[in-house]
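What follows is a single structure, written as structure tokens, with notes after it.
Please treat every number below as a calculation from the coordinates, not as lab data. In this text the structure is predicted, and so the values were computed from the model without any measurement. Counting neighbours? That spans all protein chains shown, and the Cβs are built from the backbone with ideal geometry, glycine included.
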């Protein structure tokens, strides 16, 4: 019980419990609301703690079986935290705008990633020197453009076993693609998000760095 109380205290200190304005509440989160204060929903973080444990067990099982979890968010407040967590977990990531078709048109997207790798390798070997300066400049620009989109997923050679997102409302395209392809979704979601259909929702303040950092730290161990 003391350990559980300590966890609840830590979540309060991290601001995990702050929801959005009551007027923004999505009906799907109603049972996870503890109350409302100054028109702001307060999340029942005892339930959040249980959600973290369920998602953590799922992720641990995937890791044990060498399955891949793709991390994704374009949320400016926390995208660097998500990227750092993905790198520590040795997972691919999208830390910025979702690339439409990454799941639903994976083979075509993979060709673009391979093109990025091909040009990068040629440059590293000094083999771009056989091209004109104009051609080299065009390829440099092409790689720069592709890296902005794909640098975090260049090792992703097949569809991942799961998708972890921060703010499924903002990342609705990624979530929809995952659902269309039968990929389980883990989502750190505030009270303005639709969580019906999310396999492992984690109700929490998804705009606070301390909140998201706390959850990622405890999810990944």
As a percent rounded to 5, the proportion of antiparallel DSSP bridges among beta bridges in the chain is 30 percent
Residue-normalised 222 nm signal for the chain, counting each DSSP H run of n ≥ 4 as -39,500 (n - 2.57), nearest 500 deg cm²/dmol, is -15000 deg cm²/dmol
Normalised Cα Rg of the range 106-153, dividing by 2.2 N^0.38 Å with N its residue count, works out at 1.15
Options (i) 38, 17, 16; (ii) 30, 17, 16; (iii) 43, 22, 17 are given for semi-axes √(5λ) of the Cα gyration tensor in Å, and the computed one is (i)
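Given the Cα atoms of the range 90-192, and with Rh set as the inverse mean 1/r over their pairs in the Kirkwood sense, what is Rg to Rh to two decimals?
Values: Rg = 16.4 Å, Rh = 15.2 Å.
Using Cα coordinates only, the ratio equals 1.08.
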Once normalised by the length of the chain, the mean sequence separation of its alpha carbon contacts under 8 Å that are 6 or more apart gives a contact order in percent of 30 percent
For residue 10 and residue 23, extending 7 Å from Cα along the Cα-Cβ vector and measuring point to point gives, in nm, a value of 3.7 nm
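If we sort 62-72, 134-144, 183-193, 208-218 on the protection proxy, mean other Cβ atoms within 10 Å, highest first, what's the order?
Packing order, densest peptide first, comes out as 183-193, 208-218, 62-72, 134-144.
Can you give me the convex hull volume of the Cα atoms of the range 1-129, divided per residue and expressed in Å³?
Per-residue hull volume (Cα only) is 188 Å³.
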FRET efficiency for residue 148 and residue 40 from the Cβ-Cβ distance with R0 = 45 Å, rounded to 0.05, comes out at 0.80
In degrees rounded to 10, the 0-90 angle between helix 133-150 Cα long axis and the longest Cα principal axis of the chain is 20 degrees
Plugging the Cβ-Cβ distance of residue 217 and residue 67 into 1/(1 + (r/R0)^6) at R0 = 25 Å yields, to the nearest 0.05, a FRET efficiency of 0.75
In whole angstrom, largest first, the equivalent ellipsoid semi-axes that the Cα gyration tensor gives for the range 142-185 are 22, 14, 8
Note on the range 96-174: contact order normalised by length, alpha-carbon pairs under 8 Å, 6 or more apart, percent, works out to 48 percent
